[in-house]
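As structure tokens, the structure follows; a few thoughts come after it.
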Amino acid sequence: MLLSLIFLIVLVAAIVGFVFRHEIKTSFESNLELALKDYNATADPHSVAVDTIQSTLHCCGVQNYSDWEKTEYFSQKGIPTSCCKKQDDCSDQDLKDPNKAQLKGCFFLVTSTMESKMSVVAGISFGIACFQVNLLVWLRRRAG
């Protein structure tokens, strides 16, 4: 019985994730825009997340680096160091120069990375579901 419940929960979660994938993208995009707007280069979780995404994926802004130009942070300091093409060699002068920024926006890179990994997640989930179904069938036959 418990295995059946777990199987149904996994199945429903997969269906909901597939059906609402566009809403998830839209929500991520709006949250990323909000994180840029509120960015302050301190240790708050949203700023850390923005820096991590930008430095890991070598991207800048939501759609591109010009998203930073609409922020208060940019008017005071320029782009964040995590946006620089050469992060280890990025002076205060470079932060004011958009030509030193990564050209690609982060939204497309994050969503395309997620989508490329979804096939792996879906395959693993399908394998687990098949195992659960086979186990259920085996348990029912054994019980009688």
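Just so you know, all these numbers are worked out from the coordinates, no wet-lab data involved. Small disclaimer: the values here were computed from a predicted structure and weren't measured. When we count neighbours, we look across all protein chains shown, and the Cβ atoms used for this are built from the backbone with ideal geometry, even at glycine.
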Assertion target for Phe131, Phe108, ordered by fewest C-beta neighbours within 10 angstrom first, is Phe131, Phe108
Taking the chain as a Gaussian network, where each spring joins two C-alpha atoms under 10 Å apart, which residue of Pro80, Pro98, Pro45 fluctuates the most?
-> Pro45
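Please give the peptides 117-123, 91-97 ranked by average Cβ packing (other Cβ atoms within 10 Å per residue), highest first, as a rough proxy for protection. Each step should come with its number before you reach the end.
Numbers: 117-123: 11.0, 91-97: 13.0.
Result, highest mean first: 91-97, 117-123.
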Of Val62, Leu2, Cys84, farthest towards positive along the dipole that unit charges on Lys, Arg, Asp, Glu beta carbons give the chain | Leu2
Which percent of Cα pairs goes in each bin when the distances of segment 2-143 are cut into 10 angstrom slices starting at zero?
-> 11, 32, 21, 15, 11, 7, 2, 0
Segment 74-97 and segment 1-43 have their Cα centres apart by a whole-number Å value of 31 Å
Gain on full stretching of the segment that runs from Val120 to Ala41 - 0.36 nm per residue minus C-alpha separation = 25.0 nm
Gaussian network model of the chain, springs between alpha carbon atoms under 10 Å - residue of Asp89, Asp38, Asp51 with greatest fluctuation = Asp89
Past 19 Å, Cα to Cα, is the threshold; run Lys37/Lys86; Lys25/Lys85; Lys77/Lys100; Lys37/Lys96 against it and keep the listed order.
-> Lys37/Lys86; Lys25/Lys85
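Assigning unit charges at the beta carbon (Lys, Arg +1; Asp, Glu -1) and nothing else, what dipole magnitude in debye, to the nearest 20, does the chain show about its Cα centre?
Values: 14 positive and 15 negative charges, 208 e Å.
The dipole magnitude comes to about 1000 debye.
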Residue of Val48, Val62, Val110 that the Gaussian network model of the chain assigns the largest fluctuation, springs spanning Cα pairs under 10 Å | Val48
Inter-label distance, nm, simple model (7 Å from Cα along the C-beta direction), Thr52/Asp97 = 3.1 nm
Which Cys in the chain stand alone, with every other cysteine's Cβ at 4.7 Å or more from theirs?
-> Cys130
Between Ser112 and Arg140, the FRET efficiency computed from the C-beta separation at R0 = 41 Å comes out, to the nearest 0.05, as 0.45
